[in-house]
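Worksheet for the structure shown next.
Computed from the coordinates by the stated procedures, all read-outs in this text should not be read as laboratory data. The structure presented is a predicted model; accordingly, all values stated were derived computationally and were not measured. Virtual Cβ from ideal backbone geometry, glycine too; neighbours counted across all protein chains shown.
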Amino acid sequence: MTPDYYLVLATILFTIGATGVLIRRNAIVLFMCIELMLNAANLALVTFSRINGSLDGQIISFFVMVVAAAEVVIGLAIIMSIFRTRRSASVDDANLLKY
Amino acid sequence: MEQLELPSIDYAALLPMLILFGAACVGVILEIVVPRKVRNGIQLGLSLLAVVAALVAVVVERGTRTITIGGAVAVDGPTLFLQGSILVLGGVSLLLIGERTVEKGGAFVSQAAITVGSKKDMEQASGQPGSTEVYPLTTFALGGMLLFVAANDLLTMFVALEVFSLPLYLLCALARRRRLLSQEAALKYFLLGSYASAFFLFGVAFIYGFAGGIQLDKVHAAVANPTQSQVLLYAGFGLLAIGLLFKAALAPFHVWTPDVYQGAPTPVTAFMAACTKVAAFGALLRVLYVAFEGVRWDFQPVLGTIAVLTMFVGAVLAVTQTDLKRLLAYSSIANAGYLMVGVLALNDEGLSSTMFYLVAYGFSVLAAFAILSLVRDADGEATHLSRWAGIGRKSPLLAATFTFVLLAFAGIPLTSGFTSKFAVFGAAVEGGQTWLVIFGVITSMLLAFPYLRVVVLMWLSEPGESTPAVSIPGFLTSAVLGIGVLVTLGLGVAPSPLIDLTRQAADFVR
């Protein structure tokens with residue numbers, strides 16, 4: 001079985017995530033889309049690890065998971081603090097800074 | 001079973017980073033055990049001490065040229081020079097962050113969890129001591145930046161990118177006043193920043209697939225003798241570049257900069273403008289010069305177009321701004337474009353002049369934001385341009401200092417702005433990128449207009465009813481102002497010692 005299909009899948013997932021960030025409005029959903037992009041990268045790394053016959057890619061994906069977890073902590077803290085004031089997590093409502 | 005060989009670790013070369021990460025961890029513990037009243041002094045002292053100790057470690061290691069921990073970290077001339085610059089600029093920004101007398105309690109919120117607009121929020125805004133978490137966060141960010149410029153493989157670079165970005169996202173949200181703006185800036189910075197780092201990571205995956213490894217020298221070898229499809233290389237490089245260009249704030253990845261610079265507390269803005277720029281360009285230099293030197297003919301025109309676009313966006317939009325913080329943000333975007341001109345020279349001269357520019361610009365921008373933090377009214381800083389009308393009549397010394405810094409940004413001779421622009425443009429001409437220099441000179445002239453408009457406004461307008469009072473700077477802000485102005489002048493009058501230093505340092509190990 002050829003591993004190329006996994007690369008195609010990873011690219012599709014990444015594109016779904018990247019498009020989602022652009023078209024969705026809820027900060028939490030945006031954040032989930034970014035996580036999807038990171039996981040797509042993980043899938044690509046593991047696939048390339050298989051193609052190249054080296055373990056590096058699998059090790060990198062562990063690091064990525066740790067970094068993603070740290071990002072969740074920071075991101076949810078920021079979204080929470082905004083939600084408590086505005087009672088909304090929509091990124092369209094955060095519109096004080098412009099021009 | 002295969003014998004596992006542990007990589008050798010050169011602790012002396014890693015010492016600057018270890019000191020900063022260690023001090024940051026100690027700072028987090030101090031948050032718990034030290035009583036609130038004395039915390040500020042202790043935390044500021046600790047972080048300054050760590051920065052000085054790390055700087056000493058960098059200076060002691062100045063002759064080191066090595067790649068350590070299994071190829072993850074390269075300590076060479078550019079690394080040590082950029083680490084030194086980040087530490088000096090970071091130390092000066094820490095003084096600005098530590099200022100607690102200009103505004104009662106400092107520029108930071110006392111507890112970030114207090115809901116905006118609540119009764120508690122009014123109480124904290126009226127002068128409760130500011131939070132001291134900012135010191136460990138800044139120290140973590142500094143440590144991450146040191147690692148970012150030293151990273152010799154793409155995974156280390158990604159982790160370092162996150163280590164310095166995550167504290168910055170939080171620091172942006174910690175302003176004492178105008179907290180909604182501050183939180184909004186943090187949200188935008190966070191969402192766009194993690195979006196960009198996801199692109200960076202996907203690029204890392206492609207480059208790993210292309211080269212079979214993530215060490216920059218392996219990538220270099222694979223670029224010279226490709227065994228995999230070139231599509232992986234170009235897709236990977238493009239995605240990787242998005243992540244790096246975002247941090248360096250180059251158009252079209254600059255949209256976050258004005259919002260974040262305006263919303264973040266001014267000391268944090270100064271810190272980002274000075275240190276993040278050094279770190280981002282340091283990593284960009286290493287990636288372009290060490291890993292992708294073999295495809296320079298392919299990326300030079302694309303990145304050149306981005307540089308031109310950045311210079312124009314920065315210069316043209318700076319003209320239309322009515323808020324000084326945003327004006328300086330657009331000026332920093334334009335400056336990122338000039339730095340890119342130096343980077344794209346792709347020769348030793350380009351490397352050394354870019355490093356010189358980073359230091360010169362860092363000090364000027366720290367002085368500029370220090371001045372912004374002094375002009376204030378009852379609601380905090382008065383950054384709207386109209387409020388600065390006639391401030392030269394009321395406080396000539398402040399206006400004169402600001403005029404000098406703005407002239408330095410505009411690139412008037414005898415300031416560091418002139419010598420640094422001269423250096424990067426000279427390097428670009430030598431590297432055969434004359435077209436970039438032509439656009440650089442045109443946009444410099446455009447960019448002089450908004451600066452001069454501020455100067456004219458300060459000196460030639462009558463002060464109105466609403467012209468705010470200028471606070472007396474505390475010791476720390478005065479120190480920042482003094483250092484910033486002296487370095488800006490010094491590098492304009494006698495740049496040769498620093499230029500010699502950058503030339504000696506301009507050699508990557510591979």
### Message
So, R0 is 25 Å and r is the distance between the beta-carbons of residue A:2 and residue B:295; what FRET efficiency does that work out to, to 0.05?
### Response
0.35
### Query
By per-residue mean of other Cβ atoms within 10 Å, what is the highest-first order of B:312-323, B:7-18, B:199-210?
B:199-210, B:312-323, B:7-18
### Message
Within 10 Å, at most 11 other Cβ atoms, and a DSSP state outside H, G, I, E, B define an exposed site. Report the longest part of chain B free of exposed GluC sites (Glu not before Pro).
### Response
B:6-464
## Note on the structure
Expected integer from the mean partner chain Cβ neighbour count at 10 Å over A:28-34 is 3
### Task
Using only Cα atoms, locate the centre of region B:458-478 and the centre of region B:390-425, then give the distance between them in Å, rounded to an integer.
17 Å
### Computed E for residue B:60/residue A:29 - FRET, C-beta separation, R0 45 angstrom, nearest 0.05
0.35
#### Entry: Long-range Cα-Cα pairs in region B:1-64 (distance over 19 Å), rounded percent
48 percent
### Summary
Rounded to a whole number, the mean other protein chain Cβ count within 10 angstrom for residues of A:4-16 is 1
### Task
Please work out the Cα center distance from region A:1-63 to region B:268-306, rounded to the nearest Å.
25 Å
## Note on the structure
Share (percent) of C-alpha pair distances in region B:11-505 greater than 40 Å works out to 16 percent
### Query
Convex hull volume of the Cα atoms in region A:11-99, per residue, in Å³?
99 Å³
## Note on the structure
Across A:72-83, the residue-averaged tally of Cβ atoms belonging to other chains within 10 Å stands at 6
### Query
From the backbone phi of region B:444-450, what are the Karplus-calculated ³J(HN,Hα) couplings (6.51 cos²θ - 1.76 cosθ + 1.60, θ = phi - 60°) in whole Hz, Gly and Pro given as x?
4, 5, 4, 5, 5, 4, x
### Backbone HN-Hα couplings from phi across region B:122-127 [Karplus 6.51/-1.76/1.60, Hz, Gly and Pro as x]
4, 4, 5, 5, 7, x
#### Entry: Fewest-first sequence of A:63, B:81 by Cβ atoms within 10 Å of each Cβ
A:63, B:81
### Message
Students often check this: by mean Cβ neighbours within 10 Å, which of A:43-51, A:88-96 ranks highest, and how do the rest follow?
### Response
A:43-51, A:88-96
### Query
Which angle between 0 and 90 degrees, to the nearest 10, do you get for helix B:11-33 versus the longest principal axis of chain B when only C-alpha atoms count?
40 degrees
### Query
Per the helix-only calculation at 222 nm, which mean residue ellipticity applies to chain B, given -39500 (n - 2.57) for every DSSP H run of n ≥ 4 and division by its residues, nearest 500 deg cm²/dmol?
-23500 deg cm²/dmol
### Summary
In this structure, among B:277/B:421; B:37/B:104; B:104/B:394; B:247/B:421, pairs with alpha-carbon gaps over 19 Å are B:104/B:394; B:247/B:421
### Task
Can you tell me the 0 to 90 degree angle between the C-alpha axis of helix B:36-60 and the longest principal axis of chain B, rounded to 10?
40 degrees
### Message
I'd like the Karplus ³J(HN,Hα) series for region B:299-305: coefficients 6.51, -1.76, 1.60, θ = phi - 60°, whole numbers in Hz, and an x wherever there's a Gly or Pro.
### Response
8, 4, x, 5, 5, x, 4
